[in-house]
1. Quick one: 203, 53, 96, fewest Cβ neighbours within 10 Å first, how do they rank?
2. At q = 0.10, 0.12 Å⁻¹, what base-10 log of I(q)/I(0) does the Debye formula yield for the stretch 54-209 when every alpha carbon is treated as an equal point scatterer in vacuo?
3. In whole angstrom, how far apart do the alpha carbon centroids of the stretch 72-113 and the stretch 128-142 sit?
4. Could you please rank 66, 44, placing first whichever residue has the fewest other Cβ atoms within 10 Å of its Cβ?
5. Working out 0.36 nm times the residue gap between residue 48 and residue 202, then minus their Cα-Cα distance, what length gain in nm do you get to one decimal?
6. Starting from the Cα coordinates of the stretch 85-124, work out the convex hull volume and express it per residue in Å³.
7. Please arrange 208, 92, 123 by how many other C-beta atoms lie within 10 Å of their C-beta, fewest to most.
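Quick note: the coordinates plus some simple rules give every number you see, no bench work behind them. Fair warning: this is a prediction, and the values are worked out from it, not measured in the lab. Heads up, the Cβs are rebuilt from the backbone with ideal geometry, glycines too, and the neighbour counts pull from every protein chain shown.
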């Protein structure tokens, strides 16, 4: 969890630095003009980033917020859900078809609780892992496939569990552009989700042990 929070902080700090250097604009008129002029390419590039992120350890949540910045809310929701579908399908296929036992064992050694909790709680723990912003979601998806969870139920769990964060991130631009209150509400919501899901995670560990 700590590693993922560090990665998220680094990516958000990077976005902030680019904004301060005027490399990245949060002016909605600039963003709207650029996207409207290159809509199809922008959407394809956004979906491609969901594949590339797996190679560069980019948290999916950062792409959800990027979608909220670049696209209208409904478009952002659809693209983020499509990106989730593509990237987590690739993780599932890699785990089932291409990953060696050594790779799986390395992940189990690094995250000893994950496989145990997945075997104990199955889709319930997978859903919690998707909702929790601090959880290593791709590792959880990888191990879910490794222990034999069915693809259809796996993907349905992944998509449904991500709906709250997709909705939050897709409306982030409206909050940024309207007032400081909107920004505070987004941050508070993010923190509350993190705190609640981490508590549920710890409760599952205690109940199992």
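1. Working: 203 10, 53 17, 96 14.
Placing the least packed residue first, the sequence is 203, 96, 53.
2. Ignoring solvent entirely, the Cα scatterers give -0.38, -0.54.
3. Here the answer is 9 Å between Cα centres.
4. Arranged by neighbour count, lowest to highest, 66, 44 become 44, 66.
5. 52.0 nm
6. Numbers: hull volume 3.1 nm³, N = 40.
Residue-normalised Cα hull volume stands at 79 Å³.
7. Working: 208 13, 92 20, 123 17.
The fewest-first ordering by Cβ neighbours comes to 208, 123, 92.
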